[in-house]
1. Which ones in the stretch 169-184 are more than 21 Å from Trp53 (Cα to Cα) and in contact with a Gly (Cβ under 9 Å, 6 or more places away or on another chain)?
2. Quick one: what pairs do we get from the stretch 143-161, first residue aliphatic (A, V, I, L, M), second surrounded by 14 or more Cβ atoms within 10 Å (Cβ to Cβ) and assigned to a loop (DSSP other than H, G, I, E, B), C-beta under 6 Å, 6+ apart or different chains?
3. Please report, ordered by residue number, the helices (runs of 4 or more DSSP H) entirely within the stretch 189-260 with at least 2 residues that are in contact (Cβ under 8 Å) with a residue 12 or more places away in the chain and β-branched (Val, Ile, Thr).
4. Got a number for residues in the stretch 85-102 being more than 24 Å from the chain's Cα centre (by Cα) and either among the aliphatic types (A, V, I, L, M) or more than 15 Å from Gly156 (Cβ to Cβ) (or both)?
5. Considering only the stretch 190-197, I want to know if a residue exists there that is in contact with a Ser or Thr (Cβ under 9 Å, 6 or more places away or on another chain) and surrounded by fewer than 21 Cβ atoms within 10 Å (Cβ to Cβ).
Amino acid sequence: MEDAVSLTGTQDTKADGPSLIRRILRMRETGLIAIILLLFIVMSFASPYFLTWVNMRAMVMAFAVEGIVVVGMTILLISGGIDLSVGSVTALAMVIAGWLFLNGVDPWVASAISIAACTGIGAFMGFFTTRIGLHHFIVSLGVMVIARGACLLGTGGRPLGLYTLPPEFKFIGQGSIGPIPVVIILFIVVVVAFDFMLRRTTMFRKVFYTGSNEKAAAYSGIRTKKVVFLTTTLCSALCGFAGIIYMARFGSAQPTFGIGMELNVIAAAVIGGASLSGGSGTIFGAILGAVLLSVVSSSLALLDVSVYWQDIIRGSILLAAVSIDHYLVKKRA
């Protein structure tokens with residue numbers, strides 16, 4: 001009997017091993033990691049500057065703060081929504097906090113008010129989406145234009161120079177703890193926290209159910225409108241947080257900052273496996289998507305590719321990602 005049990009256990013283990021490997025190989029994240037590693041290898045030969053510490057640090061800093069916005073967008077996409085206003089809201093966060101600081105408000109208080117205002121913008125969009133019944137696309141498109149107009153109106157279209165920001169505030173955008181920039185630490189904390197909540201908490205698991213089939217989720221007792229409202233609000237709140245970090249990093253508030261950010265953020269999330277139809281996606285995958293786009297942008301710049309061609313290539317990557325997502329959704333159906 002013991003021999004039989006042992007033999008059965010061995011067979012199960014052998015069967016599970018290849019099965020686990022196949023599952024890993026089928027994971028979207030595995031393919032992304034392979035592509036990123038391939039790009040690293042190719043670029044290490046194509047440019048002597050690619051693997052330098054200066055370029056690596058610049059790449060990480062480039063996607064880290066935007067990665068915070070990617071986290072919010074990914075959760076919103078999983079719930080079945082989308083937000084085109086993320087770039088404008090991020091810029092507005094900078095402008096509000098910068099304007100308050102220049103008018104004598106403590107920078108930490110100004111930042112808290114700014115993040116609260118961005119959270120309110122998300123709640124405003126959530127209200128129009130869940131109560132009025134408008135589509136996320138239309139609501140966020142309107143807010144994108146309004147927020148950008150508010151940025152230009154409040155600054156006269158000129159950047160706000162915040163040269164007198166205290167060093168302790170600038171530290172969150174420019175400082176380091178040991179060799180690691182504070183920006184990277186904040187980014188990792190946000191990613192790990194929300195990835196854990198999305199995988200482990202009941203509240204965030206409802207996001208998947210709502211995005212997969214909102215009607216079925218509602219029939220099962222999930223308050224789907226509340227879920228959509230909260231994910232919309234969360235996305236804008238994270239935009240506000242990212243805007244404050246940008247302000248501390250650059251020491252200014254740029255009213256034109258973030259134009260086109262929504263395309264990068266959506267592309268990163270979709271490349272990482274988030275579906276535009278809702279119900280699927282991971283934060284880890286979305287961050288890998290952001291890393292891939294950052295590596296592509298850095299590579300194009302080092303290869304001295306025209307800025308206009310860079311836009312064409314980034315747009316093509318987005319179109320390819322959406323096409324793959326559409327194909328996978330049809331295949332599942």
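1. Lys170 - this is the single residue of the stretch 169-184 that is more than 21 Å from Trp53 (Cα to Cα) and in contact with a Gly (Cβ under 9 Å, 6 or more places away or on another chain).
2. Val143/Ser85; Met144/Leu84; Met144/Ser85; Ala147/Ser85; Leu152/Pro255
3. Of the helices (runs of 4 or more DSSP H) lying wholly inside the stretch 189-260, those with at least 2 residues that are in contact (Cβ under 8 Å) with a residue 12 or more places away in the chain and β-branched (Val, Ile, Thr) span 202-212, 224-250.
4. Matching residues across the stretch 85-102 total 3.
5. Yes: the stretch 190-197 contains one or more residues that are in contact with a Ser or Thr (Cβ under 9 Å, 6 or more places away or on another chain) and surrounded by fewer than 21 Cβ atoms within 10 Å (Cβ to Cβ).
Results for (1) of a type in the set (D, E, K, R); (2) over 19 Å from the mean Cα position of the chain (by Cα); (3) at pLDDT below 95; (4) open to solvent by less than 30 Å² (accessible area, probe 1.4 Å), shown as yes or no for each residue.
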position	(1), (2), (3), (4)
Gly156	no, yes, yes, no
Pro159	no, yes, yes, no
Leu165	no, yes, yes, yes
Glu168	yes, yes, yes, no
Gln174	no, yes, yes, no
Arg205	yes, no, yes, no
Ser212	no, yes, yes, no
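For (1) closer than 23 Å to Thr119 by Cα; (2) buried (at least 22 other Cβ atoms within 10 Å of the Cβ); (3) β-branched (Val, Ile, Thr), each residue gets a yes or a no:
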{"site": "Ile245", "(1), (2), (3)": "yes, yes, yes"}
{"site": "Ser252", "(1), (2), (3)": "yes, no, no"}
{"site": "Pro255", "(1), (2), (3)": "yes, yes, no"}
{"site": "Asn264", "(1), (2), (3)": "yes, yes, no"}
{"site": "Val270", "(1), (2), (3)": "no, yes, yes"}
{"site": "Ser277", "(1), (2), (3)": "no, no, no"}
{"site": "Ser280", "(1), (2), (3)": "no, no, no"}
{"site": "Phe284", "(1), (2), (3)": "no, no, no"}
{"site": "Leu288", "(1), (2), (3)": "no, yes, no"}
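The values are calculated or read from the model by the stated rules, or taken from the named source; none is laboratory data. Because the structure is a prediction, the values reported are computed rather than measured. Every residue, glycine as well, gets a Cβ built from its backbone with ideal geometry; the counts of neighbours run over all protein chains shown. Note: areas computed on protein heavy atoms with side chains; ligands, DNA, RNA excluded. Shrake-Rupley method; radii C 1.70, N 1.55, O 1.52, S 1.80 Å.
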